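Everything on this sheet refers to the single structure shown next.
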Amino acid sequence: MRGKGLGRKIMNEILEFLKPKKKNIILYVDPQNKIARKLYLSLGFIFEKKSYHGDKLVINSRHE
């Protein structure tokens with residue numbers, strides 16, 4: 001099912017659901033997973049730092 005936009009649709013739904021809570025969203029992605037990393041960055045997540053769990057990406061509370 002790769003390449004059909006399902007990941008983007010699911011992430012957009014999650015972001016819309018969480019938007020009213022006005023909280024930053026943090027996720028960790030394997031630095032080797034370039035496809036997932038590209039998706040998250042295109043959705044507005046910003047690289048914050050490398051960590052034990054993977055690259056830490058954050059999106060602000062407004063999810064713009």
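Quick note: the coordinates plus some simple rules give every number you see, no bench work behind them. Only a predicted model underlies this, so the values are computations on that prediction, with no experimental measurement involved. Here the Cβ positions follow ideal geometry from the backbone for every residue, glycine too, while neighbour counts run over all protein chains shown.
For the pair N33 and N60, a Förster radius of 25 Å applied to the C-beta separation gives a FRET efficiency near 0.65, rounded to the nearest 0.05. Orientation-averaged projection of the chain equals 4.4 nm² [convex hull of Cα atoms, one quarter of hull surface area]. Excluding same-chain neighbours fewer than eight residues apart, the lysines reachable from K50 by a Cα-Cα span under 18 Å are K34, K38. Rounded to the nearest 20 debye, the dipole size of the chain about its Cα centre is 60 debye, using +1 on the Cβ of Lys and Arg and -1 on the Cβ of Asp and Glu.
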